[in-house]
Each structure stands twice: as structure tokens, then as C-alpha cells.
Amino acid sequence: GGGGGGGGGFVPTREWLEKVRGEMPLLLSLQLRRVLTPMVEDFCTSAVVVSEQHVHTYITGQSIADLLPPPQPITVRRFTESPGIRTWLRNYTMGLVLLRQQTGAAAAAFAPMFDSTRVRLFKVSQVGRS
């Protein structure tokens, strides 16, 4: 569960926090913090006068290229075709071709498909099918 229409609002649980924390790309930020913290502490103890501006200037003067872990290798994945994907791709492509070729009255007939204010629901019944 997420947010909601109820009056209580969203209440994060420990499970949700662990799930979200696992999905967040924090590796880079944590690595920079781990490396820069001792450097900034050393700078602050060795400097006579330390202000926020001094620390900012010190940090912006550091090269982060040597601080970061090496990049992950690029993984090449080949497309694997299946009957379901082939059918979906063919139908999607033919739908795009059909919609782009329509002009005049035919284009007006397809217009409601993209107008959310003119949606009508209907039911399809099949007789004699088991």
C-alpha cells in the first residue's frame, strides 16, 4: 500500500523503508560521503579559520574521479523473440500505421480513442462459445 484516498494518509512501514532503501541509487552518495568526511575533518583541524565558504571551496577543489568506485561493465543483452512479443509488436506497429494514415472522416472516427472525456464502456458477449 501506498498513499491514499483515506483520511489517514500514508504511513511508512519498516518493510516499505527497506524496500525503498534497496531501490535507491545511494552507492555513489555514500561513497563520496565516506571518502570526503575524513578529508573535510582533516582540513578543518589544520586550518586556522574555518567557515562554511572555506569548506565549500575545499570540497569543490577536490577531484572526485579518484574517489569513486570503477564503473560497472556494460552488459549487452540480445533481444529474445517469442510468439507473444512478435504478436504484440506486429499489432502495435499496424495500429500506428493505421492511425497515421487516417484523414478526414476516418481520422475523426479514431479521435475519441484519445479523448478521455468521450469514453463509453461496452460489453462483448459471445454466444455459443464454451
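The figures follow:
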item	result
Vicinal HN-Hα couplings computed from phi for the stretch 17-22 (Karplus, 6.51 cos²θ - 1.76 cosθ + 1.60; Hz; Gly/Pro x)	4, 5, 5, 5, 4, x
Table column - 3J(HN,Hα) (Hz), the stretch 72-84, Karplus curve with 6.51, -1.76, 1.60, x for Gly and Pro	5, x, 6, 9, 9, 10, 8, 5, 10, 7, 9, x, x
Carbon and sulfur %, accessible surface of the stretch 59-98 computed with the full protein complex present, 1.4 Å	63 percent
Per-residue HN-Hα couplings for the stretch 50-64 [Karplus 6.51, -1.76, 1.60; θ = phi - 60°; Hz; x = Gly/Pro]	10, 10, 4, 5, 4, 5, 4, 4, 4, 5, 5, x, 7, 8, 8
Dimensions (Å) - the stretch 6-73, Cα atoms, principal axes, largest first	55, 38, 16
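The values are calculated or read from the model by the stated rules, or taken from the named source; none is laboratory data. Predicted, not measured: the structure shown is a model, and the values here were computed from it. Each accessible area value is taken on the protein alone, full model and side chains, heavy atoms only, with ligands, DNA and RNA left out. Shrake-Rupley method; radii C 1.70, N 1.55, O 1.52, S 1.80 Å.
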